[in-house]
Amino acid sequence: MKLNLHNNVLLAACVIVLAVLCFMSVDRPLSFSNEQKQREKVVERQMEKIVRAEQQYRRRKGVYTRSFDVLTAEGLLDKDDRYVPFSKKQCFELDATAEVGKSGKTIPQLTCGTRYTVYLQGLDEDKINELSNQAAAMGNYPGIQMTAGR
């Protein structure tokens, strides 16, 4: 009788552990996905702010700048707007170039972005690497990127 009760308790404990592991295997990807979406909304709002500042600068000067210091000095952007949210003060990637159009006219181009590894810091590294590798395999930027001028 004692042996049977002991086995039942042990079996119940195993069932509970398996149930918890099963729940965690489903909950973890959902938690990552939800946190990723939440962070992307915040990051995109910040990037939109930077792009708007760059567009104001372009209206004034005729070109985009790739310098956050210039945007700050012109009063178009706060000093802290250069930092990617959730990233421990890493700056957004900012690039300003120009293309020559079919008519021969120079067209200013702007790209602002941040990589998955930057704004998803602190989350599951395997998932972040998986996202980055998928983007690289498809020839896409491994993160969020906005362009203007095209």
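The values are calculated or read from the model by the stated rules, or taken from the named source; none is laboratory data. Note that this is a predicted model, so its numbers are computed, not measured. Cβ sites come from the backbone with ideal geometry, for glycine too, and all protein chains shown count toward neighbours.
Points to keep in mind about this one:
- Pair list, Cβ < 7 Å and 6+ apart or interchain, from the range 39-51 residues that are buried (at least 20 other Cβ atoms within 10 Å of the Cβ) to residues that are among the polar types (S, T, N, Q): VAL43/THR114
- Taken together, the residues in the range 64-84 that are under 20 Å from VAL42 (Cβ atoms) and of a type in the set (Gly, Ala, Ser) amount to 0.
- Restricting the range 104-131 to residues that are of a type in the set (S, T, N, Q) and surrounded by fewer than 18 Cβ atoms within 10 Å (Cβ to Cβ), the residue that is farthest from the chain's Cα centre (by Cα) is THR106.
- Candidates GLU48, GLU44 - the one that is at pLDDT 95 or above and within 21 Å of GLY122 (Cα to Cα): GLU44
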